[in-house]
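The values are calculated or read from the model by the stated rules, or taken from the named source; none is laboratory data. All values derive from a computational prediction rather than experimental measurement. All Cβ positions, even for glycine, are placed from backbone atoms using ideal geometry, and neighbour counts span all protein chains on display.
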2 protein chains.
Amino acid sequence: QGTRDHPPAQAALRERLLSAVVSCFKRHGAAAIDTPVLELRETLVGKYGEGTKLIYELQDQGGELLALRYDLTVPFARYLAMNKITNMKRYHVAKVYRRDNPAMTRGRYREFYQCDFDIAGQFDPMIPDAECLKIVHEILSDLQLGDFVIKVNHRQILNGVFAICGVPESKFIPACSTVDKLDKVPWEEVRSEMVGEKGLSPEAADRIGEYVQLHGGLELIERLLQDPKLSQNKLAKEGLGDMKLLFEYLTLFGITGKISFDLSLARGLDYYTGVIFEAVLLQQENQHVEEPVSVGSVAGGGRYDGLVGMFDPKGRKVPCVGVSIGVERIFSILEQRLEASGEKLRTTETQVLVATPQKHLLAARLKLISELWGAGIKAEMLYKKDPKLLKQLQYCEDTGIPLAAIVGEQELADGVVKLRDIATREEVRM
Amino acid sequence: QGTRDHPPAQAALRERLLSAVVSCFKRHGAAAIDTPVLELRETLVGKYGEGTKLIYELQDQGGELLALRYDLTVPFARYLAMNKITNMKRYHVAKVYRRDNPAMTRGRYREFYQCDFDIAGQFDPMIPDAECLKIVHEILSDLQLGDFVIKVNHRQILNGVFAICGVPESKFIPACSTVDKLDKVPWEEVRSEMVGEKGLSPEAADRIGEYVQLHGGLELIERLLQDPKLSQNKLAKEGLGDMKLLFEYLTLFGITGKISFDLSLARGLDYYTGVIFEAVLLQQENQHVEEPVSVGSVAGGGRYDGLVGMFDPKGRKVPCVGVSIGVERIFSILEQRLEASGEKLRTTETQVLVATPQKHLLAARLKLISELWGAGIKAEMLYKKDPKLLKQLQYCEDTGIPLAAIVGEQELADGVVKLRDIATREEVRM
């Protein structure tokens, strides 16, 4: 349940998508690493907030207690700490596992790919953070997924808002996860969850509401920096300072047009400590409606400066920032688009089919195909002793092989091959 | 235990190896498929003989009882049956899991990659089988792993041998797994296991010994076809007929020089039904010793005509033959070779570092690098506001970046970039 086989057409489309993502990661100088699918259970517990209950555990068959990885970020942090690495730019494309309720049509599975890019190391503020946003911008533009917006916020700004609204520090994380729902439900519902389930005072909730419904650009950052209450809060002030610097760099990258500073963005995971972001596709569902409709998050990430320290015996921190591309959701979109276009994706790369027009020519085919393989040419033949020529040509048409190399008795006698272009039916002897 | 992280240098070497293997599979017209790491437990049990006890099971957390895949062949057969596919040529490169005693220096892990190529379908005999052997030959030659031999045998010949030597059919599989040890221990030990543990009569064991120590080429096939007893056994006769045809095709492929018909080859897995094969590297440990020493199996496979039928509710069979490349062992060899050569493998593909020679030029770097990324050029910069030029050039040397694009105050004023070749220190303004 919640997993699936990828038949060739899907595997080919997925390879195309993943290679677009990976080529962007490589363009930004990232190295690949690989970590096991299995992690010690103790590595994963306490890192994912409510997600922890969705971790797949292995049966105790003797030896270590194991679990399947839940994401690629925690294994990366564990890897850095274990190897005492303080500086690294890496990407990782691999499957992760969550015992969630699958919603396969919307691209939510129990086994799914993540494509992560992360920068670890102590650097000058906001330069790596800006690059992560640039990467999201490049990938979503390259894939031509239509209009999108990248929402950006900062955990310290959120915490500052909670502090000045009178939320006790112990309730920052629950308040955060409630705010995170603002992209799906209206403020009234969020407010009532805050007051009801999370036990905030109605006054605090109302004050929070005034802030978290704000979104904008540089001008909003400037306005909040002047906000009499917020500018007095140390956390918020630092966060707003980061945000201003970030926007400066994003302006140099020329991508602020797709960036929205959105105070409702909170992100579910516990481990974020600074800038957080999430990209959503916008869909003009109805051309007459002005406000575009969001079709959900296709990339997300943020800064997590404390995670590596959790795995170091001496608690030594390695600041990190990273981005995860939501390839499953993007894959669903590309798949639907391909289906709608009627285009048939080739599942093999075969360049030529070695064919014979008469019987008793298997030996000639085997010799020729062996020569072609030796020359690095992608070649196939039918696994029949005496296939009909029509069947062989039909196979080319069905599978998209562009050429047939035909050896008949005449060709053998003349020491040539007849090369046929399947589409045009032109033939040349060579 | 038995798993490992791949740091960038290893991941880069592995990528190189896997892409060599995959490009061979694609040259032979295979399509990619992907199946989940998780399978239902019931799918895996009873398919691997003694291997079954090495299967990783997931904890029962409610819902289906799951296990981690043990190989890629059983999931492929399950996939074919589930989707009623009777005809397919596919490859699959992915990790599999075995709760084995790890021997990491020899490339034996609990999590490891398999690279499989399989041909499913009802075809004329031995054509797909010959292609599988051709693929092994191509891959081992391409990778320049030194001399190798591909041992070939046939389950029906083995069963025929057992039959004419007086082994009851119920003991064919145990006898087979004992014969399989002949590549590691001398005949005397194998004989005593047959008589002791497996309960064969000493006479039967001696008669088996006369056959399973034979190896050779076409002439051995011909000789056995004339063998008064063996040629009377239906199974053996069919198997020898297959083998003769196989050698005919392998001769046309020009690869019989590396093929040895070896009656001691048995292969551990239960599901093989026809041709079986295994490639071993030969190492001239001492130039004065004539007999080369085997350093172990690096590829193996065979025909399994009954496996798909085990997953079909009506037991419909789909004949299959396939090969699995032992990339972990090959990886160990390549790794040791790389280490010995002192060559440093680049872990990134970065073409140019964007650098500045003076302070206060971060904006210029951000603008230039953004332009380079936009043009598809792989570019990096240091994440510092004001890095020293020397540090920037040092970074190029450390990571193998061949070029530095330098923008200083003068270049900015002139509207040019100074491109520096790191190795030659030549500079051009452009």
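Brief remarks on what is shown
- The number of residues in segment B:62-85 that are under 28 Å from B:V327 (Cα atoms), outside any loop (DSSP other than H, G, I, E, B) and more than 7 Å from chain A (Cβ to nearest Cβ) comes to 11.
- Among (1) closer than 28 Å to B:A77 by Cα; (2) touching a Gly at 6+ places or on another chain (Cβ under 7 Å); (3) among the hydrophobic types (A, V, I, L, M, F, W, C), the one test that B:W187 misses: (1)
- Single residue of segment B:237-257 satisfying the filter (within 22 Å of the chain's Cα centre (by Cα) and among the β-branched types (V, I, T)) that is nearest to the other protein chains (Cβ to nearest Cβ): B:I255
- From A:E335, A:E380, residue being assigned by the TED database to the domain that holds A:A299, on the phi < 0 side of the Ramachandran plot and in contact (Cβ under 8 Å) with a residue 24 or more places away in the chain: A:E335
- Selected residue (criterion: farthest from B:Q358 (Cα to Cα)) from residues of segment B:408-421 that are within 48 Å of the chain's Cα centre (by Cα) and surrounded by fewer than 17 Cβ atoms within 10 Å (Cβ to Cβ): B:D421
- Matching residues in segment A:121-137 - criterion: being closer than 18 Å to B:P387 by Cβ and either touching a residue at least 60 places away in the same chain (Cβ under 8 Å) or assigned to a helix (DSSP H, G or I) (or both): A:G121, A:Q122, A:F123, A:P125, A:M126, A:I127, A:P128, A:D129, A:A130, A:E131
- One residue stands out in segment B:1-19 among those that are under 30 Å from A:A375 (Cβ atoms) and surrounded by 16 or more Cβ atoms within 10 Å (Cβ to Cβ): the one that is farthest from the other protein chains (Cβ to nearest Cβ), namely B:L17.
- Any hit, segment B:34-54, residues being under 17 Å from the mean Cα position of the chain (by Cα) and assigned by the TED database to the domain that holds B:G107: yes
- Failed condition for A:L40, given (1) facing chain B (nearest Cβ under 8 Å); (2) touching a residue at least 24 places away in the same chain (Cβ under 8 Å); (3) more than 30 Å from B:E380 (Cβ to Cβ): (1)
- Among residues of segment B:44-61, those that are more than 7 Å from chain A (Cβ to nearest Cβ) and either assigned to a strand (DSSP E or B) or buried (at least 20 other Cβ atoms within 10 Å of the Cβ) (or both), counted: 4
- Answer residue from segment B:301-349, given it is modelled with pLDDT of 95 or more and among the hydroxyl-bearing types (S, T, Y) and is nearest to B:N153 (Cα to Cα) among those: B:Y304
- The sole residue among B:A363, B:A355 that is among the small types (G, A, S) and either within 26 Å of the chain's Cα centre (by Cα) or crowded, with 21+ Cβ neighbours inside 10 Å (or both) is B:A355.
- Selection count where residues are within 30 Å of B:Q144 (Cβ to Cβ), charged (D, E, K, R) and within 12 Å of chain A (Cβ to nearest Cβ), scope segment B:337-380: 3
- Test for B:A405: is it surrounded by 19 or more Cβ atoms within 10 Å (Cβ to Cβ) and away from every other protein chain (no Cβ under 13 Å): yes
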